[in-house]
Amino acid sequence: MTVQTDLGTLDLTDDPEVQNEVFLAAFNSGRGAIFDSLYRDDSISNLSGAPLTGQARTDAITALLATGPELKSTVRSYYSTADTSLIIVEYDLVVTKEDGGRQRILGRCTDVLVRDDEGKWVMAVDRPVADSTEDLSAEEL
């Protein structure tokens with residue numbers, strides 16, 4: 001499924017596939033402020049490798065996205081109540097290492113979304129866990 005996503009008006013719907021597409025569009029935009037807008041102010045994310053919240057989370061996300069990572073993900077499980085949603089995805093992330101080389105990280109991510117006061121879904125917990133990493137050669141890029 002491919003969803004047309006306007007980065008200026010991101011909206012997480014009740015459909016987990018659309019939610020996934022919105023997250024991918026925001027992440028792959030490389031614009032930390034756009035991706036961070038999908039989170040509650042007090043959300044917790046270990047995207048940086050450590051559990052962070054608030055400004056520390058925002059800074060880590062912005063720094064990571066500025067390096068131009070490429071993310072693909074597939075929804076594997078989805079559970080929802082009226083105001084809380086649990087989404088489990090498998091992801092394939094290619095990042096630039098400090099030495100300039102590229103690395104592929106494969107894993108699973110557990111996301112918890114909640115509805116805010118206006119009824120909009122926002123990220124409360126973002127917990128990617130790497131299953132494997134692989135350095136990529138120039139031919140694999």
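The values are calculated or read from the model by the stated rules, or taken from the named source; none is laboratory data. Fair warning: this is a prediction, and the values are worked out from it, not measured in the lab. Don't worry about glycine lacking a Cβ; one is built from the backbone with ideal geometry, like all the others, and counts go over all protein chains shown. Heavy atoms of the whole protein, side chains included, go into the accessibility calculation; ligands, DNA and RNA do not. Shrake-Rupley method; radii C 1.70, N 1.55, O 1.52, S 1.80 Å.
Here are the numbers:
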{"read-out": "Selected residue (criterion: least open to solvent (accessible area, probe 1.4 Å)) from residues of the stretch 96-136 that are in a strand (DSSP E or B) and of a type in the set (Lys, Arg)", "value": "Arg102"}
{"read-out": "Search result, residues across the stretch 82-95 that are of a type in the set (D, E, K, R) and not in a strand (DSSP E or B)", "value": "Asp83"}
{"read-out": "The listed residue being polar (S, T, N, Q) and touching a helix residue (DSSP H, G or I) at 6+ places or on another chain (Cβ under 8 Å), out of Thr84, Thr62, Thr96", "value": "Thr62"}
{"read-out": "Output for the stretch 104-141, where each listed residue is among the basic types (Lys, Arg) and closer than 17 Å to Val75 by Cα", "value": "Arg108, Arg127"}
{"read-out": "Residue in the stretch 61-75 that is more than 17 Å from Ile34 (Cβ to Cβ) and either touching a His at 6+ places or on another chain (Cβ under 8 Å) or not hydroxyl-bearing (Ser, Thr, Tyr) (or both) present", "value": "yes"}
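Condition check ((1) closer than 26 Å to Ser137 by Cα; (2) hydroxyl-bearing (Ser, Thr, Tyr)) across all residues:
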{"residue": "Ala26", "(1), (2)": "no, no"}
{"residue": "Ala50", "(1), (2)": "no, no"}
{"residue": "Thr53", "(1), (2)": "no, yes"}
{"residue": "Ala66", "(1), (2)": "yes, no"}
{"residue": "Ser77", "(1), (2)": "no, yes"}
{"residue": "Tyr91", "(1), (2)": "yes, yes"}
{"residue": "Asp116", "(1), (2)": "no, no"}
